[in-house]
Every structure is written in structure tokens, then in C-alpha cells.
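Peer 1: Quick one: the structure is below, questions incoming.
The values are calculated or read from the model by the stated rules, or taken from the named source; none is laboratory data. Given the structure is predicted, the values throughout are model-derived calculations rather than measurements. Counting neighbours? That spans all protein chains shown, and the Cβs are built from the backbone with ideal geometry, glycine included. Please note that ligands, DNA and RNA were not included when accessible areas were found on the heavy atoms of the full protein model with its side chains. Shrake-Rupley method; radii C 1.70, N 1.55, O 1.52, S 1.80 Å.
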Amino acid sequence: MVPKELRRPRSPQRLILAAGAVFALLFAGFLAPASTATAATSAASAAAGGGDKHAKVLKVVLVHEYPVFGSFTETDPGDTVLLEDPAFMNGTLVGDSLTRIQFLEGGSFLLDCTVRLTDKGNLVFAGGEEASNLETATTFAVTGGTGTFSGTGGHVTITPTEHNGAEAALLTFHLKH
């Protein structure tokens, strides 16, 4: 965990994760326990995918770490931030995420994130968003996956949360095969 004095300042850009992350998760205290991963029930499938029997919901929490490249303190168009953050499900470390964020003019950004879940595979999501929307929730397209998630699509909603006192993002994946 990053010491408090080294953590990114609270700003809309920090929630891009996915991101990083997750974005993406990227990215909640008003939702059912943030560290819980949930397989969809028929009711959740109906809500997530309009009744598609192949839709499922998966929740992953990404805990914010210091960027491995770039900074959130000052961002100019073209600046890039790279993140590698641990991923948790049910309070257990299950993998990590690799997130790239590129800033555009006027507070917009592009994000692509790979959430790597050990022994399950990867989930990949991407899109563009306005930084001003990050304090509540953002949604990105799930563009694919590997392993268990091969051939999947759908969307991921990212809401801010905390995990064991650290800033984090709850990623709620709504997946269809």
C-alpha cells in the first residue's frame, strides 16, 4: 500500500482507473459490498442483459497505487499515465490491472485497461470519457477477454470506493458471451 503522503491527490483524474483502471474500474459505498464478486442470478442477468441467459455480473475492486509512469498532478493534452493496480474479489487478491490513460483537451481522456484475473483470464475494456464524470460512475465497453472470458463483450461500470482504508475503484462487469 502506498503511504498516505505519497498517494495521488483526490482529483477527478485519479478515478479514471480503471483503470485502472481501472479504470476501470474501473470504477460505491452505496453498492453491495465493494469487495464482493458476484455471479449473476437470473434477476441480475435480466437487469444486466435484458434477460439474456448468458449475461453475468462480476465485481472486482482495484486498489489505487502510485502510477508507474506519468502523473495526475498536472495533465496536458497528450500526457499519458500508466497504472498497475492490485485486483480483489471477495477481499482476496486475485490479480492485477494494467491501465493506460491519455489526456485530451477540455478534460476528456481515453482509457484502455486489462484486468488480469489469475487462473481465469483477462478482461479488456476501453473508451473515452469526461474527467468531470468520474466522481460518480463511468461506463466503458468491454471489448474482449482471454481464458474464461474469451469471446465476451458487454460493459463495465466504475465507481469510486475504498478497500481496507485505501482509495479504490469498484468495477462491475456486465458480461455476455
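Peer 1: Can you report the number of residues in region 68-87 which are surrounded by 20 or more Cβ atoms within 10 Å (Cβ to Cβ) and either modelled with pLDDT of 95 or more or in a strand (DSSP E or B) (or both)? Before you say what the answer is, go through the steps one by one.
Peer 2: Just the residues of region 68-87 that are surrounded by 20 or more Cβ atoms within 10 Å (Cβ to Cβ), to begin with: 72, 75, 81, 83, 85, 87.
Next, only the ones that are either modelled with pLDDT of 95 or more or in a strand (DSSP E or B) (or both) stay: 81, 83, 85, 87.
Selection size over region 68-87: 4.
Peer 1: What number of residues in region 126-155 are of a type in the set (Gly, Ala, Ser) and not in a strand (DSSP E or B)? Reasoning before the result, please.
Peer 2: Initial filter on region 126-155 (of a type in the set (Gly, Ala, Ser)): 126-128, 131-132, 137, 141, 144-145, 147, 150-151, 153-154.
Then keep just the ones that are not in a strand (DSSP E or B); that gives 131-132, 137, 147, 150-151.
Within region 126-155, residues that are of a type in the set (Gly, Ala, Ser) and not in a strand (DSSP E or B) number 6.
Peer 1: Within region 139-170, track down each residue that is open to solvent by less than 10 Å² (accessible area, probe 1.4 Å) and either more than 18 Å from residue 122 (Cα to Cα) or among the charged types (D, E, K, R) (or both).
Peer 2: 159, 166, 168, listed by residue number.
Peer 1: In a strand (DSSP E or B), of a type outside the set (Val, Ile, Thr) and more than 17 Å from residue 134 (Cβ to Cβ), is that true of residue 100?
Peer 2: Working: in a strand (DSSP E or B): yes; of a type outside the set (Val, Ile, Thr): yes; more than 17 Å from residue 134 (Cβ to Cβ): no.
No.
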